[in-house]
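One structure below.
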Amino acid sequence: MYEAAVYTGKWDQMMSLPAGSAVQLPEWAPALQQALADHRGRDIVWHGALAGYTTFKVGGRAEAIVFPQGREELSLLIRSLQALAVPWVILGRGSNVVIVDEGLKGVAIVLGRDFAEIELVDEAADSILVRVEAGCSLAKLVSWAVERGLAGLEFAAGIPGSVGGAIVMNAGAWQREMKDVLVRVSVMDSRGAVSAREAAAMHFAYRSWGEMKGTIALEGFFRLKKDDPLLLKQMCSDYLQRRKQRQPQNMASGGSFFKNPPGGRTAGQLIDQAGLKGCTVGGAMVSTVHANFIVNTGRATAKDILELMGMVQKAVQDKYGIALEPEVKILGLG
Ligand SMILES: Cc1cc2nc3c(=O)[nH]c(=O)nc-3n(C[C@H](O)[C@H](O)[C@H](O)COP(=O)(O)OP(=O)(O)OC[C@H]3O[C@@H](n4cnc5c(N)ncnc54)[C@H](O)[C@@H]3O)c2cc1C
């Protein structure tokens, strides 16, 4: 049995918790620490609270949260976790996830500021190719492009999240998606090996990049067209304005909760027409502004959100015979 402790410093520093706040380290903790001991690493947070890493602001703890410092470390981490049979999941900015209240078995890996580079790699007469690491915020990339008069990503103005999350979710708005500007993606597989995938040969679909579970998006290469920065700025502020009018403001959420089903009517229209706006379970509510947003009114638990999700699905199924599929990823079930 390992002594109750939390490790919040470098790989090789173990800090004991104050008396009375003991937590049980997972049995694989010493082996993971040993595997990573020779590496310069950022923090590991044992028994780390995850709610703060999500825009819904709900969810339990992971046995550990790890912030790898660069690819080599990420690869070592993945290989070590595979060898120890410890489950893991990547978190970007947590803007499309509900983490269950019971938390996550294993490790939540956060790709943060050590995976945030933007680099211009090639310039043609009318376009450029830019390489962007997965941990970069999408908002930062949009501003970066617009300021330089590079068109293609305006649709993403106002979509929170990381570039990696946006690639994996094939995030989109206003009839445009990430795949429309993506040329290539560097990925890491579940053995820690890195390879390149041409976007055209990948199976991007509605809110999906079509890759295997366990594949990590490390960076994307985007082809952007040269254009007038003022025009692009105007387009972005129009999109932002439309979001302000149509979406709940200053409420914790995961954006659109359900995918739009085939058949023409959006999930929001179906939920609205089923009379569900304003419906609540505990602290979770179907937004009164946009019916496809479930919002956390302040005290919601993941259980509230998932119960409300089930109620909405049942009501829409009963009324229209349509099964709504969540767009948000529910982490920690099964
Ligand atoms: C207010 C609001 C508005 C939104 N509007 C839109 C919108 O208009 N259009 C839209 O498409 N979405 C929208 N979203 C949803 C969300 O912002 C996007 O899906 C975003 O791209 C998710 O990025 P993320 O970094 O937050 O991913 P996360 O939520 O952290 O992760 C989402 C999924 O991707 C996986 N993942 C994340 N990063 C990686 C990686 N590098 N490699 C492998 N897997 C990874 C995670 O494991 C998880 O399964 C909105 C959300 C909010 C809160």
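The values are calculated or read from the model by the stated rules, or taken from the named source; none is laboratory data. Being a predicted model, the structure only gives us computed values, none of them experimental. Ideal geometry is used to build each Cβ from the backbone, glycine not excepted, and the neighbour counts take in all protein chains shown. Calculation scope for accessible area: heavy atoms of the full protein, side chains included, ligands and nucleic acids excluded. Shrake-Rupley method; radii C 1.70, N 1.55, O 1.52, S 1.80 Å.
Just a yes or no: is a residue in the range 312-321 in contact with a Phe, Trp or Tyr (Cβ under 7 Å, 6 or more places away or on another chain) and either open to solvent by less than 40 Å² (accessible area, probe 1.4 Å) or closer than 30 Å to VAL107 by Cβ (or both)?
Looking only at the range 312-321, we keep the residues that are in contact with a Phe, Trp or Tyr (Cβ under 7 Å, 6 or more places away or on another chain), and these are none.
No, the range 312-321 contains no residue that is in contact with a Phe, Trp or Tyr (Cβ under 7 Å, 6 or more places away or on another chain) and either open to solvent by less than 40 Å² (accessible area, probe 1.4 Å) or closer than 30 Å to VAL107 by Cβ (or both).
Testing GLY135 on (1) outside any strand (DSSP E or B); (2) within 9 Å of the ligand (Cβ to nearest atom); (3) more than 23 Å from SER253 (Cα to Cα), one condition comes back false. Which one is that?
Going through the list (1) outside any strand (DSSP E or B); (2) within 9 Å of the ligand (Cβ to nearest atom); (3) more than 23 Å from SER253 (Cα to Cα), GLY135 breaks only (3).
Could you list, in sequence order, the residues of the range 289-305 that are more than 16 Å from the ligand (Cβ to nearest atom) and either open to solvent by less than 50 Å² (accessible area, probe 1.4 Å) or hydroxyl-bearing (Ser, Thr, Tyr) (or both)?
Residues satisfying the conditions are THR301, ASP304.
Take the residues of the range 114-126 that are in contact with a strand residue (DSSP E or B) (Cβ under 7 Å, 6 or more places away or on another chain) and open to solvent by 10 Å² or more (accessible area, probe 1.4 Å): which is nearest to the ligand (Cβ to nearest atom)?
Quick first cut of the range 114-126, residues in contact with a strand residue (DSSP E or B) (Cβ under 7 Å, 6 or more places away or on another chain) only: 115-122, 126.
Imposing the further condition that a residue be open to solvent by 10 Å² or more (accessible area, probe 1.4 Å) reduces the set to 116-122, 126.
Numbers: ALA116: 12, GLU117: 14, ILE118: 15, GLU119: 17, LEU120: 21, VAL121: 19, ASP122: 23, ASP126: 27 Å.
Within the range 114-126, the match that is nearest to the ligand (Cβ to nearest atom) is ALA116.
Taking LEU182 and the conditions (1) within 14 Å of the ligand (Cβ to nearest atom); (2) of a type outside the set (Lys, Arg); (3) over 22 Å from SER256 (Cβ atoms), which numbered condition does it fall short on, given that it satisfies the others?
Of (1) within 14 Å of the ligand (Cβ to nearest atom); (2) of a type outside the set (Lys, Arg); (3) over 22 Å from SER256 (Cβ atoms), only one is false for LEU182: (3).
Restricting to the range 49-87, name every residue that is within 14 Å of the ligand (Cβ to nearest atom), touching a helix residue (DSSP H, G or I) at 6+ places or on another chain (Cβ under 9 Å) and open to solvent by 50 Å² or more (accessible area, probe 1.4 Å).
Result: LYS57, ARG71, PRO87.
Hey, which of the strands (runs of 3 or more DSSP E) in the range 189-264, taking only ones fully inside, have at least 1 residues that are within 11 Å of the ligand (Cβ to nearest atom), in the same structural domain as VAL316 (by TED's automatic domain parsing) and open to solvent by less than 30 Å² (accessible area, probe 1.4 Å)?
Details: elements: 194-198, 216-226, 252-256.
Of the strands (runs of 3 or more DSSP E) lying wholly inside the range 189-264, those with at least 1 residues that are within 11 Å of the ligand (Cβ to nearest atom), in the same structural domain as VAL316 (by TED's automatic domain parsing) and open to solvent by less than 30 Å² (accessible area, probe 1.4 Å) span 252-256.
Only one of (1) open to solvent by 20 Å² or more (accessible area, probe 1.4 Å); (2) hydrophobic (A, V, I, L, M, F, W, C); (3) part of a loop (DSSP other than H, G, I, E, B) is not met by ILE330, so which one is it?
The single condition ILE330 does not satisfy is (3).
Condition first: open to solvent by 40 Å² or more (accessible area, probe 1.4 Å) and either in contact (Cβ under 8 Å) with a residue 40 or more places away in the chain or under 16 Å from SER208 (Cβ atoms) (or both). Now tell me which residues in the range 159-175 satisfy that. Steps first, please.
Our first condition is that a residue be open to solvent by 40 Å² or more (accessible area, probe 1.4 Å); within the range 159-175, this holds for 160, 168, 174-175.
If the condition is that a residue be open to solvent by 40 Å² or more (accessible area, probe 1.4 Å) and either in contact (Cβ under 8 Å) with a residue 40 or more places away in the chain or under 16 Å from SER208 (Cβ atoms) (or both), then PRO160, VAL168, TRP174 are the ones that fit.
Inspect the range 97-114 for any residue being modelled with pLDDT under 95 and part of a helix (DSSP H, G or I) and give the result as yes or no.
yes
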